[in-house]
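The values are calculated or read from the model by the stated rules, or taken from the named source; none is laboratory data. In this text, all values refer to a predicted model and were calculated from it rather than measured experimentally. Reconstructed Cβ throughout: ideal geometry from the backbone, glycine too, with neighbour counts over all protein chains shown. Please note that ligands, DNA and RNA were not included when accessible areas were found on the heavy atoms of the full protein model with its side chains. Shrake-Rupley method; radii C 1.70, N 1.55, O 1.52, S 1.80 Å.
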Amino acid sequence: MEGSTYFFVEHDITDKQGWDGWMSNWFDIYGADDMTVDKLRAYPEWGGNECVLTIPTSDGKMTVCLWKMPGGTSKDEFQAFIDRFVCGYANNKVFEVKEAMGVQNLDAREFLSDAINAAQGRQSPGYLDAPMLWMTHHHIVDRQGFSDLNASIADKINKTCTTPSDCQSIFPAGTFKCCLSLFFTSNDMVCFDSTPEGFTQDDVRKAEDGFTQGMARNYVYKLDTANGLNAFHLSEDSWSQDAMAWANATVKTVPVDSTTSVTAPVGIEASQ
């Protein structure tokens, strides 16, 4: 993430007909016979900014996106850009990303290449590591407790994991594995979790509630990765590599408020 600022967007679609028409217009652009990644990157609507991931929810009511912006871009600047970009067809909830695990393979050129392929009839493969992918939005209600939970996770990784793939063992057996974690500058974060076939939204919510131990309100969404773009570059391996590097980093003390300090792993600090 060095040198760039990432923003995550939850597009709550308010005008489904308008949104679908807007997306159709973009796919007409993507699907031109002579379209190339470089031509597509040059479209002025992007404003020189880079989308690296787009996935709709399975009910079609929301689409989530991850954007890579020039370093120093403010949340207000990005909010103004994304509101213009989607032409008023959605309520755009913007979150600035402070730390991330699993973004290393998410690249704008690959995103645009996937868009061109999908528009020209070569369907995006979607997420590859498991048959089902879910997004959980964690709204943190106990900052100190959540910071302590992160510290305990890092400690467990350092004590029990010898390879990056071992990091997935921190999650309850037989439930979910993680391929993307985004920690925001607010009291929120999102995780993208994969499960075997047959899991329900309630199954994932119960597992997440148990994992976060009441320190966050957890909102779970089933993702439709086959109709997303660049989801196949999400992977459990990438997340695991980042998780091990994060856990191995030096632990430091960060302030929770003016009177209390809490030990938290570097890179996942209690929100102020």
Please work out the FRET efficiency for the pair N25 and D129, using the Cβ-Cβ distance as r and a Förster radius of 35 Å; give the result to the nearest 0.05.
0.65
Counting heavy atoms of the protein chains only and a 1.4 Å probe, report the per residue accessible area for segment 1-47 as a whole number of Å².
56 Å²
Taking the structure as given and computing semi-axes √(5λ) of the Cα gyration tensor in Å, which label from (i) 32, 21, 18; (ii) 46, 22, 15; (iii) 38, 21, 15 fits?
(i)
Want the number for D83 to R205: 0.36 nm per residue separation, take away the alpha-carbon distance, what's left?
40.9 nm
Two-site label geometry, S186 and A245: point separation in nm, points 7 Å out along Cα→Cβ
2.8 nm
Over 19 Å [Cα-Cα, segment 74-165], rounded percent:
70 percent
Expressed as a whole percentage, what fraction of the accessible surface of the chain belongs to carbon and sulfur atoms when a 1.4 Å probe is rolled over the protein heavy atoms?
47 percent
What are the GluC sites (Glu not before Pro) within segment 1-85 that DSSP puts in a loop, where the Cβ has at most 14 other Cβ atoms within 10 Å?
E2
Lysine-lysine proximity count for the chain, Cα under 17 Å, sequence distance 8 or more or distinct chains
14
Full-extension gain in nm, F171 to K61, via 0.36 nm per residue minus C-alpha separation:
36.7 nm
FRET efficiency for Q120 and Y219, Cβ-Cβ distance as r, R0 = 30 Å, nearest 0.05?
0.30
Where does the longest stretch of the chain lie that holds no trypsin sites (Lys or Arg not before Pro) found in a DSSP loop with 15 or fewer other Cβ atoms within 10 Å?
123-272
Calculate the FRET efficiency for A226 and D12 from the Cβ-Cβ distance with a Förster distance of 25 Å, rounded to the nearest 0.05.
0.70
